[in-house]
Amino acid sequence: MATLRLNGIHKRYPNGITALHGIDLSVADGELIVVVGPSGCGKSTLLRTVAGLESISDGELMINEQRVNALEPAERDIAMVFQNYALYPHMSVFDNMAYALKNRGTPKDEIRRRVTDTARLLDLAELLDRRPRHLSGGQRQRVAMGRAIVREPQVFLFDEPLSNLDAKLRVQMRLEIRRLQKRLGITSVYVTHDQVEAMTLADRLVVMNGGHVEQCGTPMMLYAQP
Ligand code: ADP
Ligand code: ADP
């Protein structure tokens, strides 16, 4: 159960660039918001401030009505999935998925249970002993998803997670992400360049431009406009 709310979020980088000019956005429990817009419009910055990887210059970030501006990334209960997977090459699939839980001191048998359940959900159960270099692109992307899911986060952030995959896999993984997101009901913000991906996945679309939210609505609403 989680709602996410951005109230007037500004982000100014030390070099003077203002990447976000007062973003207002509410994401309902279980909703998947897709953020689109031209390169440089602030999509990555938006995700990174929500994740706590960048500080917020002004405004409020709320999870479940609690202000989380000052919380460290690890304290935010948010998981992020990137395009480059960022898997640890020297670790097995199991250890990659277990890593964050081990760091948190989760008991061993609970780690085993959660990793095994997640692996089954993602069709990775047979691959737990493999190293990332012995996996296909789609399998690696699933491991990256798995690593986020085992943490049972309140919020998922996706930063163009499929952009390194070939066209066929992209379609397959897109459907898989949609299915999983709905099944798990995890409140999500998803950034992509791909319009079809955006329309297929989004409960609501946010169109950004120059650090502002230009439009926001269901794909039907936005694309039905003349
Ligand atoms: P997008 O993800 O939509 O391509 P970004 O959030 O990466 O947009 O960038 C928004 C603006 O902020 C751009 O002008 C970019 O050059 C600038 N920017 C991004 N990251 C940094 C950074 N670490 N330091 C300074 N400026 C940055
Ligand atoms: P993308 O738009 O795909 O997120 P970029 O190539 O814009 O990727 O950015 C790559 C990295 O460089 C990011 O970590 C971003 O924060 C940083 N970055 C982008 N623009 C700037 C900038 N003007 N000054 C400093 N860092 C930047």
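Taking 17 Å as the cut-off, the amide N atoms of the range 178-214 that come nearer than this to a point 7 Å along the Cα-to-beta-carbon line of Met220 belong to 199-206.
Temperature 20 °C, viscosity 1.002 mPa s: under these conditions the Stokes-Einstein estimate for the range 2-43, based on its Kirkwood radius over C-alpha pairs, is 182 µm² per second. Excluding residues on the same chain fewer than 8 positions from Lys182, give the aspartates and glutamates whose Cα lies under 18 Å from its Cα. Straight-line reach from Lys182, under 18 Å: Asp29, Glu31, Asp117, Asp123, Glu152, Glu197, Asp203. Taken along the Cα-to-beta-carbon direction at a fixed 7 Å, the label points for Gln66 and Asp29 span 1.5 nm. Can you work out the PRE-style zone for Met199? Point 7 Å along Cα to Cβ, and I want the residues of the range 31-47 with backbone N under 17 Å. Backbone N within reach: 34-37. Accessible area per residue for the chain, computed on protein heavy atoms with a 1.4 Å probe, is 49 Å².
Per-residue ellipticity at 222 nm, computed for the chain from helices alone with -39500 (n - 2.57) per DSSP H run of at least four residues, works out to -10500 deg cm²/dmol.
Within the straight-line cut-off of under 20 Å between alpha carbons, the aspartates and glutamates reachable from Lys11 are Asp24, Glu54, Asp58, Glu60, Glu72, Asp159, Glu214, sequence neighbours fewer than 8 places apart in one chain being disregarded. Taking only Cα atoms and a 10 Å spring cutoff, compute GNM fluctuations for the chain and point out the largest among Val196, Val34, Val68. Of Val196, Val34, Val68, the Gaussian network model singles out Val196 as fluctuating most. Averaging the sequence gap over all C-alpha pairs within less than 8 Å and six or more residues apart, then dividing by the number of residues, gives the chain a relative contact order of 30 percent. Based on the reciprocal of the average 1/r between different C-alpha atoms, the Kirkwood radius for the range 1-74 equals 12.7 Å. Charged neighbours of Pro153, selected by a Cβ distance under 9 Å, balance to 0 (K, R count +1; D, E count -1). Of all the options Met91, Met173, Met80, the one that moves most in a Gaussian network model of the chain with Cα springs shorter than 10 angstrom is Met91. GNM on the chain, alpha-carbon springs under 10 angstrom: the most fluctuating residue among Ser55, Ser188, Ser26 is Ser26. Of the solvent-accessible surface of the chain, computed with a 1.4 Å probe over protein heavy atoms with every protein chain present, carbon and sulfur atoms account for 50 percent. Largest first, the residues Arg113, Arg170 sort by 1.4 Å accessible area into Arg113, Arg170. Taking a sphere under 13 Å around the Cβ of Asp77 and counting the other residues whose Cβ falls inside, with K and R at +1 and D and E at -1, yields a net charge of 0.
The values are calculated or read from the model by the stated rules, or taken from the named source; none is laboratory data. Not measured: the values here are computed from a predicted model. Backbone-built Cβ (ideal geometry, glycine too); neighbour counts: all protein chains shown. Note: areas computed on protein heavy atoms with side chains; ligands, DNA, RNA excluded. Shrake-Rupley method; radii C 1.70, N 1.55, O 1.52, S 1.80 Å.
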